1. So, in nm, how far is label E15 from label S58 when the simple model puts each one 7 Å beyond its Cα toward the Cβ?
2. When only C-alpha pairs under 8 Å and at least 6 residues apart count, what is the relative contact order of the stretch 1-78, in percent?
3. Can you tell me which of 12-22, 76-86 comes out highest on packing, and rank the rest after it, using the mean Cβ neighbours within 10 Å?
4. Need one number: nm distance between label points at D96 and R27, each 7 Å from Cα along Cα→Cβ, rounded to one decimal.
5. Under a 5 Å amide H to amide H cut-off, with H placed in plane at 1.01 Å, what residues pair with S93 once short-range neighbours are removed?
6. With Cβ to Cβ distances under 11 Å as the rule, what net charge do the other residues near G51 carry (K, R +1; D, E -1)?
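Derivation of every value follows stated rules applied to the coordinates shown; laboratory data play no part. The model shown is predicted, which means the values in this text are computed figures rather than measured ones. When we count neighbours, we look across all protein chains shown, and the Cβ atoms used for this are built from the backbone with ideal geometry, even at glycine.
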Amino acid sequence: MHDVRAARAAAGKAEVPLPVITLDPWRDTPSQLPSLAAHWRLEPQDRVLSGTVAEVESLLDQLGVTRQRNETTGDIVHVGTVMALDDRGHVVSRLDGGWGRVPQLLAGMPSPPAGVSAGSK
């Protein structure tokens, strides 16, 4: 998350919201999300999203996010994935790993219209 936040700042796109989908709905329950957002130092327009295990697993499968849960530790092994979404929530660009390209991904994104906050979409 640090790298993505830094890339957003470097691209001059501080207003672009970061919706973060948990890969660990077993532990990242709704009551845990505010502490995760604080730990990752997310901005007010950013969101950490979770749901039931079935909902999150289904969404991650639809998005093609590969991950594996270690049944002993509960840890999720995954490649960092960043997706750029349009204002309708459609994926328009995707990076798997390669954090150095995140500024380029963000630089190509339009800024939200004036007066539109992340929470109003």
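1. Using points 7 Å along Cα→Cβ, the separation is 3.5 nm.
2. 29 percent
3. Ranking the peptides 12-22, 76-86 by packing returns 12-22, 76-86.
4. 2.4 nm
5. Here the answer is A84, since their amide H atoms fall under 5 Å of that of S93.
6. Overall, the nearby charge balance is -3.
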